[in-house]
Amino acid sequence: MLRYTLNRFKWAIITLWAVITLTFIIMHTIPGNPFAKEGAMPPAVYENLQVHYGLDKPLLTQYGNYLLEVVQFDFGPSLKSSSITVNDYILKGFPVSLHLGAQALVIAIFFGLILGVVASLKRNKWPDYLSMIIAIVGISVPNFILATILINYFAIKWNIFPVATWATWQHTILPSIALSMMPLAFIARLMRTSMLEVMGQDYILTAKAKGLKRSGVIIKHAIRNALLPIITILGILTANIVTGSFIIERIFGIPGMGDMFVKGISNRDYPVILGSTIVYSAVLILLIFIVDIAYTLIDPRIKVTGEKK
C-alpha cells in the first residue's frame with residue numbers, strides 16, 4: 001500500500017508538471033498580451049509594466065521562476081489587479097465552487113442512482129421509459145439552456161428562488177440543479193446498464209435460488225457490484241463540478257473558480273489562468289487516487305498492488 005501510494009504521488013507530481021508546462025507554453029504562444037485592453041499607452045509605460053511583472057525576461061527564465069513560486073505555493077499577483085494575488089482569488093473562489101459543486105454532486109448521485117436502479121428493475125415498463133427520458137434530456141440539453149429555463153420560470157415568473165447573487169442557501173438551489181443534470185443523466189444511464197448486467201450474473205441467480213429476499217439481493221449484492229463503473233467516472237465528474245462550472249457561475253453571478261477562470265482568459269491574465277489550471281489538475285488527480293482506493297473497499301477482489309504472474 002505504501003509503495004503504491006508513493007508511486008502514485010510520483011506520477012501525480014509529473015502530471016502536474018506536464019500540465020503547468022503545456023499551459024505555460026500555450027498561453028505565451030498565443031498572439032497578444034495582457035495589457036492589450038488597456039488601450040493606447042506610452043511605450044515607456046508599457047515597458048515598465050513588462051519589467052514590473054517580469055514579462056521582459058526570456059521565456060525560459062519566466063518558466064523557471066514560476067516553477068519556483070509554485071513549489072512555494074505562491075501563484076503570483078494578478079496582472080489586472082496588482083493589489084490582489086492569485087492565492088487571494090483561489091481562497092475566495094474555491095470554497096464557493098466547492099459548496100456549489102458538492103451540493104450539485106449530492107443531487108446527481110442520489111437521483112441518478114435511484115433512476116438507474118428503478119429503470120433496471122422495471123425494464124421496458126413506464127418507470128424505465130420515464131427514467132431514460134429524464135436522462136436523455138439531461139444529456140441533450142446544455143446546462144446553460146437549462147439554467148435560463150430555471151431562471152425564467154422559478155425566479156422570474158413564479159418568484160420562488162432568488163438568482164444573480166450568492167448569499168443564502170436559496171440562491172444555491174437553481175444553479176445546483178442546472179449543474180447536476182448532466183452528471184445525473186450519465187450516472188442514471190450507467191447505473192441502469194450496470195444493474196442489468198449484474199442482475200444476470202450467476203451469483204445473483206444463486207442468491208435468489210437460496211431463498212434470499214429480493215430486497216436483500218438487490219441491496220447487498222446487485223447494487224454494491226453495480227457501483228464499480230459509477231465510481232470509475234465519479235472522480236472526473238466530481239473534479240469537473242467541484243472546481244467550478246464556467247457557464248453556470250457566469251449565468252448566476254456566482255463568484256467561484258469558474259468565473260475567475262473565464263475572467264482570467266478574457267484578460268490574458270497568465271497567473272490567474274495557471275493558478276486555476278493547477279488547482280483543477282490537483283483536485284482531479286487527488287480524486288482519481290481516491291477512486292482507485294475506493295475500488296478495494298467495494299470489491300475486495302481488486303488489489304492496489306499488482307502481483308507478478
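The values are calculated or read from the model by the stated rules, or taken from the named source; none is laboratory data. As the structure is a computational prediction, the values presented were derived from the model and not from experiment. Glycine also receives a Cβ, built like all others from the backbone with ideal geometry; neighbour counts cover every protein chain displayed. Heavy atoms of the whole protein, side chains included, go into the accessibility calculation; ligands, DNA and RNA do not. Shrake-Rupley method; radii C 1.70, N 1.55, O 1.52, S 1.80 Å.
Summary of computed values
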quantity: Equivalent ellipsoid semi-axes - Cα gyration tensor, the range 154-256, angstrom; calculated: 40, 15, 10
quantity: Accessible area of residue 123 in the full protein assembly, 1.4 Å probe (Å², nearest 10); calculated: 130
quantity: Equivalent ellipsoid semi-axes, the range 63-167, via Cα gyration tensor eigenvalues times 5, rooted, Å; calculated: 41, 21, 12
quantity: The chain, accessible surface, carbon-and-sulfur percent (1.4 angstrom probe); calculated: 69
quantity: Heavy-atom surface of the chain, accessible at 1.4 Å and reported per residue (Å²); calculated: 57
quantity: Kirkwood-type radius of the range 99-224, with distances r between different C-alpha atoms, in Å; calculated: 16.1
quantity: The range 170-221-the range 84-122 distance, computed between alpha-carbon centres (Å); calculated: 19
quantity: CD proxy at 222 nm, helix term only [per DSSP H run n ≥ 4: -39500 (n - 2.57); per residue of the chain; nearest 500]; calculated: -23000 deg cm²/dmol
quantity: 171, 28, reordered so the largest accessible area comes first (probe 1.4 Å); calculated: 28, 171
quantity: Test item: Cα-centred dipole of the chain, Lys/Arg +1 and Asp/Glu -1 on Cβ, debye; calculated: 1640
quantity: Per-residue SASA entry for residue 202, accessible area with 1.4 Å probe, Å² rounded to 10; calculated: 120
